Amino acid sequence: MTKRNMRKIASMALSTLLAAALACLALAGCASSEPKASESSSAAAEAPATRTVTDMANRTVEIPAEVDSIATFGSVGVLNAFVECMGKGEAIVNEMPANFTKNDKWAMQYKFAPQIKEGEVFETADGVDIEKTLTVNPDLCITMTEETAQQLEENGLACIVLKWNDVEDVKKAVTLMGEALNVPDRAKDYNDYFDQMVGKAESLTSGLAEADRVKTLYGDVMSLTNPHVISEWWIETAGGSSVTKEAHVKNSLEYTMEDLLGWQPEVIFSSNVKVGDILADANLQNIPAIQSGRVYAVPTVAHVWGNRTVEQPLTVMWAMSKLYPDLYSEAELAEDITYFYEHFFECPMTEDEVSGIINYGA
């Protein structure tokens, strides 16, 4: 054999060895990119099926790692609003109970979470319908009473309690919802927005002298009641001077006609939408708000804006636009309303819907 042939054979052998080596490396690379079946099973086994949160009743609650279905009990309107604000309205599985559906006050709930119309009603006049709730078996239940939470948990359902005693509790509730629904960044976004809008209101009204702040009343002057102490905060934050701030020490307030005539409110924010009846009431004709026609029905959108709701920043701005239209116009209010529901509820609002909110009950 010639030297030339020997070199050729050696070269061919070397090429074969290199090709084999490269093939092995390629196979090794593919193998490393795809986990072995045993490794996949191990990773799946390590993924937690549940996690724990501490609710606003200071209860440690074990909930599914992923929450895909939610049921609300009791104050359904406000609880639904918290869920919807976190972008999870589609997860609500229950229809509102009869006390919410007897009129169209909460009609916007069917825009924010349309599937609830086909949902089961989990509450009757007798309380929670446990049998029906267990049939649906929601991943997470939400309520505002510890008694309801205990009843649901005794039947194997995970339940968190939201409470609202102070103004800051709305942000605490949102933080809890963000944790429970795996959207902490969204909760922070809302809380930052809350602070931003409160700061905006305080800045706009900072130049008002105490004597120029409009004397304001919230509630139903036909029944002489104020349904929620949170109104003392949003009236003052909007730049008004609440006539009930000294008397209002409990959540709800009852007063007399003598009290009302003595307070002489210049603006009435009414929880009763029958504004025409209020303006025509012979007993109220000596009240400045009646004489000037400055009686406004407080909107209900996801929930009643005058009471505790995640929509509270809008309550402040709406009230300011009625109290001081020169400081904050309806056009600015319309922009803020549109942004809020599009950004947090992921629900575009039409011009007619926004106008209907601004002029609610008119």
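For GLY199, state whether it is outside the structural domain of GLY74 (by TED's automatic domain parsing), free of Cβ contacts under 8 Å to residues at least 60 places away in the same chain and either part of a helix (DSSP H, G or I) or of a type in the set (A, V, I, L, M, F, W, C) (or both).
Yes, satisfied.
Please indicate, with yes or no, whether at least one residue in the range 195-208 is within 26 Å of ASN251 (Cα to Cα), in contact with a strand residue (DSSP E or B) (Cβ under 9 Å, 6 or more places away or on another chain) and not charged (D, E, K, R).
No, because not a single residue in the range 195-208 is within 26 Å of ASN251 (Cα to Cα), in contact with a strand residue (DSSP E or B) (Cβ under 9 Å, 6 or more places away or on another chain) and not charged (D, E, K, R).
How do the helices (runs of 4 or more DSSP H) wholly within the range 252-362 filter down when requiring 2 or more residues that are surrounded by fewer than 19 Cβ atoms within 10 Å (Cβ to Cβ) and more than 24 Å from the chain's Cα centre (by Cα): which remain? Give the steps one after another, and end with the answer.
Working: elements: 257-263, 275-280, 288-292, 312-323, 330-343, 351-358.
Once the helices (runs of 4 or more DSSP H) in the range 252-362 are filtered for at least 2 residues that are surrounded by fewer than 19 Cβ atoms within 10 Å (Cβ to Cβ) and more than 24 Å from the chain's Cα centre (by Cα), what remains is 257-263, 275-280, 288-292.
From the list GLU266, GLU236, GLU232, which one is touching a residue at least 40 places away in the same chain (Cβ under 8 Å), in contact with a Ser or Thr (Cβ under 8 Å, 6 or more places away or on another chain) and charged (D, E, K, R)?
Answer to the selection: GLU266.
Within the range 240-251, take every residue that is at pLDDT 95 or above and not hydroxyl-bearing (Ser, Thr, Tyr) and give me the one that is surrounded by the fewest Cβ atoms within 10 Å (Cβ to Cβ). Lay out the reasoning, then the answer.
In the first step, residues of the range 240-251 are kept if they are at pLDDT 95 or above; the result is 240-244.
Now drop any that are not not hydroxyl-bearing (Ser, Thr, Tyr), which leaves 240, 243.
Values: GLY240: 27, VAL243: 23.
Within the range 240-251, the match that is surrounded by the fewest Cβ atoms within 10 Å (Cβ to Cβ) is VAL243.
Those residues that are of a type outside the set (D, E, K, R) and over 11 Å from the mean Cα position of the chain (by Cα), I need them from the range 162-174; list them, please.
LEU162, TRP164, ASN165, VAL167
Can you report the number of residues in the range 304-362 which are free of Cβ contacts under 8 Å to residues at least 60 places away in the same chain and polar (S, T, N, Q)?
6
The values are calculated or read from the model by the stated rules, or taken from the named source; none is laboratory data. Note that this is a predicted model, so its numbers are computed, not measured. Glycine also receives a Cβ, built like all others from the backbone with ideal geometry; neighbour counts cover every protein chain displayed.
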